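All remarks here apply to the structure that follows.
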Amino acid sequence: MMRSYLVFHRLATGLAKCRASSFGVRTWVLAAVLTSTAPAFAHIIPPEKLHPVAESYRRAGFLLNLNPVLWEQVAPDVSAIANYWMALDSKAAGDLLANANRIIAEATRGPDQQAAVEPMPRAEAAERIFVLLTEAVSQIGQRQLRAAERNLEQREDALALMREARGIFGAFDDVLRATDRDAFRRLGWSWLEMSSALGSRGLLGKGVAPVEHERFVAAAREIATYMQANFGVGFLPVKGRKLAPWPARSKTFDASARPPIKLPPGHNINKQLPRPRQILNMATRGVDEGETTLIALGDMAFDSSFIFGEPAQSLGISCNSCHNKSITNPNFIIPGLSSRPGGMDVSNSFFAPHANNGHFDALDTPDLRGIRFTAPYGRNGRFESLTEFVRNVIVNEFNGPEPDPVLLDGLIAYMFEFDFLPNQHLNRDGALNGQAPQAALRGEEIFLRPFEQMGGMSCATCHVPSANFLDHKRHDLGTVPGAEDRSRDGALDTPTLLGIKHTPPYFHDGSQPTLRAVTEWFNDNYKLRLSEQELSDLTAYVDTVGDGVDAFEDTQFTLEAEMEEFSFFMSAYEFLVERNKPELMAMTFQTIAFEIRAHKWDLQDWTHMPVLERMAELMDQAYGAVRAGDRGRVGELVSEYRQTYEKYKDVLN
Amino acid sequence: MSTRRGMNVPFWLIAGWLAIVGSSPVFGGGERGGNQLPKKPPKLTVDPKAKPLTIAFISYANPQHVAKDSAAISKYLEPYVGVPVKGFVTTDYGSSVETMRSGQTDLAFVDPLAFLMAHEQIGAKPLVLEVYSTGKPTYYSCIWVQKDSGIKKPADLKGKSIAFADQVDMSGHLMPRDIFVRLGLLPADKLEGAFFKQVYFAGGDEQAIRAVTNGFVDAAGISQFAYLLLRPQERDGVTVIAKSIDSPAHLIMARKGLSEKICKRIQQAFMALDPSNPHDQELLGKLYGVQGYVEAKMSDFAEVAKIAGRYGFIRKPEAFAVKEKP
C-alpha cells in the first residue's frame, strides 16, 4: 500500500541542488539526477482523479452552462458516456447517443427560411442534453451496483464493480457535498459499509474475513435509491440555476448552498516548467529593487488573483496564470473556453458574463516581453493605451472591481519593465549579424524582398526589423472568419517576431503550430511561389530572429525565487502606508499568504515547513489587522515577516 | 532538531507543526550504515544455459509498467549472479509467496507482513530493505484526523469512528490498530464495539484518508505517507495525533535454500546502488522509486512480528527476536 506515494515523495524531496545567483534570475544546477519521469513539483496541481464517466459528465456539465456551447466539445463526452454504457446496455446507450446527437443537430443547424425551421435554442438544447446525461450516469451507476450485488460470491469481482460504481458516483460528489451534506455523509458511510462488508481474502490463509451479503446489499440499495430518486429517469434541473445535478428531491437538499467553483476536467492552469527567464529592465541595470516601489506593487498585482472578481479569484487565476513571468503559458487550457493549449476566449460567459460577446473567439495568449514597444494592444489592436487594456482585462474579462489608480499604475510600471530576450544574432537595427546561420542569412533576403503578390510589400514592411519587427498597424490578412460575406472585421495588430520561437502556436488564434506552418501559410495564401529551399531559409530566418539568449531558467526549483519575489512585493508596504491604501495592503498580504501556501510543498527540506507556515500565518494576521484598522499591529506583523524571511531565506528553497 | 544547514528552528515554529512533523517522511528513525555504500560485487560471465534466477515483482496498478521496469532490474542483476535473471509480475503478495513455496521463485519484493508469514511458513530469508526518501529503511503508521476536529489524542476517539485501509495490511491496519492496544484503549482481540463506535475498512490508504477529509469518519489509521495521496491544497486539512512503532521497510526476500553466496552477491548488488549515480538513479526509479537498500536482518522484524502475532498472522513471533552476529 505504500508504493503509490513513494515516487511522488522522492521527486518532491529527494533532489539536492547547488546554485549560482544574480538578481531576478536563478541559475540552479541539479546535483542529483532526475529520472526520466518529469518531477511532480508540488505547486503543479495534478488533475483530480475521476472515473472516465464522471469526468465526461462533469466536463459536459461545464460546457453546457456556457454561452455559446461548443457542441463539438460536448459531443465527445456524450460519446464517452454512451460507449461505457454500451458494454452494459447497448440499447440504452444507443438511445442516449441517438437522442443527444439529434438535439445537437437541431441546435447547430442553420435557420431554414424556406421551411421556417429555426435551430433549437441553446439553453433548451443544453438542458435536454444535461438531463439525458444525468439520467444516464445515474443508471450506469445503479447498474454497476446491482452487478456488484450479484457477484458477491466472487469477492474480487464485486470489489471491482463496487469501485466502478463509486467512481461513477463521483460525477455527483461536488454538488452533493455542498448542497446535501446529510446525504453526502450518509452515502459516504454506505460506501464504507460496502467496502467493509466485502471482508478480506486474507494472506496465505490468514486474516480471511467473509463477505457480509446483507450488509453490502443494504448499503448498495441506499445509494441506488438515492441516485434513482434524485438523478434517475425524470430528473429535472432546478429552474433559474445553472445546470448541475441538484438533488432537489432529497428532503435534506439545501437550495441555498452553492457548490465550489471548479474548472472542468481537462483544464490545466499550471505554469510551465522550466520557467521562462524574465528580464526586468531595472533589474538588469542593477537597480536596488527595494527602491522600485511601484514596480513591486505591480509585480504583486500581476501575480494576484485578488485583483479579479469571481470566479477567477476563487480559482487562483491571475495575470501570471496566462502570462507566466510575462511569457505565454503554453499549458493553459480550459475546455469550452480554449480551442487549444496556450489560449482562451477572453470574452466568455464563465469569467465575466456581463462582458460576454456571445461567440467563441479564442485567442492565442501573447508574449508580453517588450510590451512597452508593442502598442497598440489586444490582438486586434483595439486599445492604444496599455492602461486601458489592463483595466479592461481586470474589469471586463475577469469580472474584477474597478482597480485603484495606484494599483493600475503599478501594473503598468511593472509591465513596462518586461524586456525582450537579447538575441546574439541581431544588430541594433534588426539586421542579422555575421554570426547568424547561413540559412537565416539567406532567409533574411527573402524577408526583405518585395513581392508583387503582396502589393509590392515585403514581410519586413509590416515586421520592420529596425522597429522591433512590427509596424504598430492593423492589417487584414484573411485569417479571421468574417461575420458575413465581405465583412471588414478581420484586421489584426502586427505582432513582433522577437521571442516567437519560444511561444508556439502562431497567429491570433493559435491555428499555426510551427513557424514553418506560418511561412507555408503566407506562401500558399499570397501565392509567393517560394521553393522548398526558400521556405526553409525563410523559416530559419524567423526562427533566428525569434530566438533569444537563455529563454528559460535552468532549474525546476522555484521556491527560493518565489520567496524573494514575495519579499519584493512587501517592499511596497511603506509606500502603501504613506498613501493610506489599506485595500492594497490587504491585497498584498492575501496574495503573499496564498502564494506561500501554493508553493510550500516545493520546499526541498520539509523540516523548514514550519517557517513557511508561520510566514503565511503572519500574512493572514496582517490581513486581519489591516481589515480591523489596527495599523500598529500591521506594522509589527510585517516586521516579523521580514525578520523571519531574512533569518531563514537560505533554507527556503 | 537540526536541519540540513545546521540552523535551529525555534520552538514557536515547531509547536503547531509537531503533528505533521511526526508524520513527515523526513523525520524520525536512524539511518543504518552511514553514507558509505558497499562496492558492487565483481562481475561474472553469465552462463546462458544455467537455471535462471527468478524474481517476483509486485504491481499495484500497472503490471505492464512494472514488467518493463523489471526487465531492466533483471539485466542489471545478471552479471552479479552469473546466471540469467527472469522477472515476473504479480498483483498480490500471496501469489509471490505461493510461487516461492512451489519453488518457482527465488526472490520476491514483499511487505513486512508477507515476509513474516513467508518466513514462518516456508523459511524465506530477508535480504535487503528499501530506503525511502526519509533516508531510512523504516516507516510507520499514523492516526490522522481533521485538523479542526478538536481531537488531540487517541483517547479522544472513544465512541467515534475510524477507517483503516484493509484488514490484511500492516501499515493500513495492524500497526495503527496497535497504537490503541498499546495505550490500553483497545483489547488486542476485539476491534468492533470495544472502543470505537464504528470501524471501517475503506479499501486503501487514499479511500481512508479521504473518508477523514470528507467527514465520513473521525479518524483514519494508515501510513505516514498517506497525506501525499491528497492534493497539495487538501493536505493542510489533516493532522496526526499519534504514530505507531517503526516498521522495517518493504524488502526483497529469498527462498529457503538459495545459496549464501548468491544471496550475498544480490545483497551487495542492491546495496551498492548509488542514487547520486545517474545509471543507478534510473534503476532505483524502476525499483518503486526508493532511495537505496540496506541489509535486512531478522531482528529488524522483531517488533512488527509481535504485532503480526497478536492478530494471528504468525504463530511464533519470538522466532524473529534473534541476536545476529555482527
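The values are calculated or read from the model by the stated rules, or taken from the named source; none is laboratory data. Everything numeric in this text was worked out from a predicted model, so none of it was measured. Virtual Cβ from ideal backbone geometry, glycine too; neighbours counted across all protein chains shown.
When the residues of segment A:198-233 are filtered to those that are without any contact (Cβ under 8 Å) to a residue 40 or more places away in the chain and assigned to a loop (DSSP other than H, G, I, E, B), which remaining residue is farthest from B:ARG315 (Cα to Cα)?
Here the residue is A:GLU212.
Hey, among A:ALA183, A:ALA197, which residue is in contact with a Leu (Cβ under 7 Å, 6 or more places away or on another chain), crowded, with 16+ Cβ neighbours inside 10 Å and either in the same structural domain as A:ALA126 (by TED's automatic domain parsing) or among the β-branched types (Val, Ile, Thr) (or both)?
Among A:ALA183, A:ALA197, only A:ALA183 is in contact with a Leu (Cβ under 7 Å, 6 or more places away or on another chain), crowded, with 16+ Cβ neighbours inside 10 Å and either in the same structural domain as A:ALA126 (by TED's automatic domain parsing) or among the β-branched types (Val, Ile, Thr) (or both).
Test of understanding: among A:LEU176, A:LEU145, A:LEU152, which residue is more than 17 Å from A:SER56 (Cβ to Cβ), within 12 Å of another protein chain (Cβ to nearest Cβ) and not β-branched (Val, Ile, Thr)?
Just a single option satisfies the conditions, and that option is A:LEU176.
Tell me which residues, restricted to segment A:601-617, are part of a helix (DSSP H, G or I) and either touching a Ser or Thr at 6+ places or on another chain (Cβ under 7 Å) or over 16 Å from B:ASP236 (Cβ atoms) (or both).
Passing the criteria: A:ASP602, A:TRP606, A:THR607, A:HIS608, A:VAL611, A:ARG614, A:MET615.
Yes or no: A:LEU538 more than 30 Å from A:LEU337 (Cβ to Cβ) and crowded, with 20+ Cβ neighbours inside 10 Å?
yes
Have a look at A:VAL208, A:VAL217 and point out the one that is at pLDDT 95 or above, of a type in the set (Val, Ile, Thr) and in the same structural domain as A:LEU64 (by TED's automatic domain parsing).
None of the others qualify; the one that does is A:VAL217.
Conditions tested, residue by residue: (1) surrounded by fewer than 21 Cβ atoms within 10 Å (Cβ to Cβ); (2) farther than 23 Å from A:LEU294 by Cα; (3) in contact with a Pro (Cβ under 7 Å, 6 or more places away or on another chain).
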{"position": "A:PRO582", "(1), (2), (3)": "yes, no, no"}
{"position": "A:ALA586", "(1), (2), (3)": "yes, no, no"}
{"position": "A:ILE592", "(1), (2), (3)": "no, no, no"}
{"position": "A:LYS600", "(1), (2), (3)": "no, yes, no"}
{"position": "A:VAL611", "(1), (2), (3)": "no, yes, no"}
{"position": "A:MET619", "(1), (2), (3)": "no, no, no"}
{"position": "A:TYR623", "(1), (2), (3)": "no, no, no"}
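Those residues that are surrounded by fewer than 22 Cβ atoms within 10 Å (Cβ to Cβ), away from chain A (no Cβ under 14 Å) and charged (D, E, K, R), I need them from segment B:82-110; list them, please.
Listed by number, the list holds a single entry, B:LYS86.
Return the total of residues in segment A:188-224 being within 21 Å of A:THR134 (Cβ to Cβ) and touching a Phe, Trp or Tyr at 6+ places or on another chain (Cβ under 6 Å).
Looking only at that region, the number is 1.
Out of all the residues in segment B:150-159, is one or more surrounded by fewer than 24 Cβ atoms within 10 Å (Cβ to Cβ), over 29 Å from A:ASP605 (Cα atoms) and within 13 Å of another protein chain (Cβ to nearest Cβ)?
no
Given the condition without any contact (Cβ under 8 Å) to a residue 12 or more places away in the chain, hydroxyl-bearing (Ser, Thr, Tyr) and away from chain B (no Cβ under 14 Å), answer yes or no: does some residue in segment A:56-65 qualify?
no
Against the definition (among the polar types (S, T, N, Q), farther than 26 Å from A:ILE371 by Cα and surrounded by fewer than 19 Cβ atoms within 10 Å (Cβ to Cβ)), how does A:SER531 come out, yes or no?
yes
I need the full set of residues from segment B:288-317 which are more than 10 Å from chain A (Cβ to nearest Cβ) and within 24 Å of B:GLN268 (Cα to Cα), in order please.
B:GLY292, B:TYR293, B:VAL294, B:GLU295, B:ALA296, B:LYS297, B:MET298, B:SER299, B:ASP300, B:PHE301, B:ALA302
Being hydrophobic (A, V, I, L, M, F, W, C) and farther than 16 Å from A:PRO582 by Cβ is the filter; apply it to segment A:623-653 and report the residue that is nearest to the other protein chains (Cβ to nearest Cβ).
Once the filter is applied, the top-ranked residue is A:VAL651.
Taking B:GLU120 as meeting all but one of (1) farther than 20 Å from B:LEU228 by Cβ; (2) assigned to a strand (DSSP E or B); (3) facing chain A (nearest Cβ under 10 Å); (4) not polar (S, T, N, Q), write down the number of the exception.
(2)
What are the residue pairs meeting all of these: first residue in segment B:184-199, first residue exposed (fewer than 12 other Cβ atoms within 10 Å of the Cβ), second residue part of a loop (DSSP other than H, G, I, E, B), Cβ atoms under 8 Å, and 6 or more apart or on different chains?
Listed pairs, sorted by first residue: B:PRO187/B:ALA194.
Within segment A:583-622, restricting attention to residues that are polar (S, T, N, Q) and more than 16 Å from A:TYR641 (Cβ to Cβ), which residue is nearest to the other protein chains (Cβ to nearest Cβ)?
Ranking the candidates gives A:THR607 first.
Among residues belonging to segment A:374-427 that are basic (Lys, Arg) and part of a loop (DSSP other than H, G, I, E, B), point out the one that is nearest to A:GLU583 (Cα to Cα).
A:ARG382
Quick check, is B:VAL128 within 29 Å of B:GLY285 (Cβ to Cβ), of a type in the set (A, V, I, L, M) and not in a helix (DSSP H, G or I)?
It is true that B:VAL128 is within 29 Å of B:GLY285 (Cβ to Cβ), of a type in the set (A, V, I, L, M) and not in a helix (DSSP H, G or I).
Counting only residues that are surrounded by fewer than 17 Cβ atoms within 10 Å (Cβ to Cβ), give me the helices (runs of 4 or more DSSP H) lying completely in segment A:45-119 with at least 3 of them.
A:71-86, A:90-108
Only one of A:LEU477, A:LEU530, A:LEU470, A:LEU497 is modelled with pLDDT under 95 and outside any strand (DSSP E or B). Can you tell me which?
A:LEU477
Can you name the helices (runs of 4 or more DSSP H) wholly within segment B:239-326 that have at least 1 residues being touching a helix residue (DSSP H, G or I) at 6+ places or on another chain (Cβ under 9 Å), under 21 Å from B:SER141 (Cβ atoms) and in contact (Cβ under 8 Å) with a residue 12 or more places away in the chain?
B:302-310
Out of B:VAL131, B:VAL83, which single residue is among the aliphatic types (A, V, I, L, M) and free of Cβ contacts under 8 Å to residues at least 60 places away in the same chain?
Just a single option satisfies the conditions, and that option is B:VAL83.
Counting only residues that are more than 9 Å from chain A (Cβ to nearest Cβ) and of a type in the set (D, E, K, R), which one in segment B:180-209 is farthest from B:THR138 (Cα to Cα)?
B:LYS197
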